[in-house]
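A short worksheet on the structure shown next.
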Amino acid sequence: GAVVSQHPSRVICKSGTSVKIECRSLDFQATTMFWYRQFPKQSLMLMATSNEGSKATYEQGVEKDKFLINHASLTLSTLTVTSAHPEDSSFYICSAVGQLNEAFFGQGTRLTVV
Amino acid sequence: DAKTTQPPSMDCAEGRAANLPCNHSTISGNEYVYWYRQIHSQGPQYIIHGLKNNETNEMASLIITEDRKSSTLILPHATLRDTAVYYCIVRAGNTGNQFYFGTGTSLTVIP
């Protein structure tokens, strides 16, 4: 199947700093990518839809100024958590939509804000 | 929002078939049924998807009822590595449409 690479897999940052997470589709072009957040023992919660060359669409309750999304090319989308706080600690997962309209997911990024 | 209902947990003996049900009674005519699974602390893995016909691939089979209001994912010979949370998702087939995850079924394969 198609490969989606997410980097970093794990990051620890200080409260108040910003963290950038990259999501790359390695062997296909993705006009649409999705960003999810998952808290322990819970399901994936969609945060935003990232479309190449246009502004991201955020789900209700997700702060667009806090979670900055950039989808500058057909193979790369980035999520920046700005001014991170301990409550932003979570597992962040990206996905990219393939040619047959199936979504392929990255391996996730474990963010810990201390 | 998720439009599916799945049992929260199931057990299956190793080597036996695992049959995971999913109800999607409000599915629309242009919506596909997708199945993903997530092993602890990893990103979800695509398994299979279908519209109305039954589908089979190297991982699993997908059986969709004629009225499309429910489906069953079948893992023909479950192994310990199949222990995971399985998610059933309905989604229209356009590229930009979102994948909303419900609570899924936690499958435990027992030796």
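Which lysines, on any chain, are close to B:Lys69 with Cα under 19 Å apart, when same-chain ones fewer than 8 places away are left out?
Within reach: B:Lys3, B:Lys52.
List the Cys residues of chain A that have no partner Cys with a C-beta closer than 4.7 Å.
A:Cys13
Based only on Cα atoms, what Rg/Rh ratio does region B:11-111 have, Rh being taken as Kirkwood's radius?
Numbers: Rg = 13.3 Å, Rh = 13.8 Å.
My calculation of the ratio gives 0.96.
Calculate I(q)/I(0) for the protein assembly as shown by the Debye formula, one identical point scatterer on each C-alpha and no solvent, and give its log10 at q = 0.13, 0.18 Å⁻¹ to two decimals.
Cα-only, vacuum Debye calculation for the protein assembly as shown: -0.75, -1.32.
Could you give the spread of the C-alpha atoms of region A:25-92 along their three principal axes, from largest to smallest, in whole angstroms?
33, 25, 19
Tell me which cysteines of chain B come out unpaired when the rule is another cysteine's Cβ under 4.7 Å.
Cys with no partner Cβ under 4.7 Å: B:Cys12.
Within region A:82-103, name every residue whose backbone N is under 16 Å away from a label modeled 7 Å from Cα of A:Phe39 along the Cβ vector.
A:85-93
Considering just Cα atoms, how many Å³ per residue does the convex hull of chain A enclose?
Per residue, the Cα convex hull of chain A comes to 96 Å³.
Less than 19 Å from a label point 7 Å out along the Cα-to-Cβ axis of B:His77: which backbone N atoms in region B:2-21 qualify, by residue?
In region B:2-21, the label zone of B:His77 (backbone N under 19 Å from the point 7 Å along Cα→Cβ) covers B:12-20.
Values in this text are rule-based calculations from the coordinates and carry no lab data. None of the values given here were measured: they were computed from a predicted structure. A quick note on method: Cβ atoms are made from the backbone with ideal geometry, for glycine too, and the neighbour counts reach across all protein chains shown.
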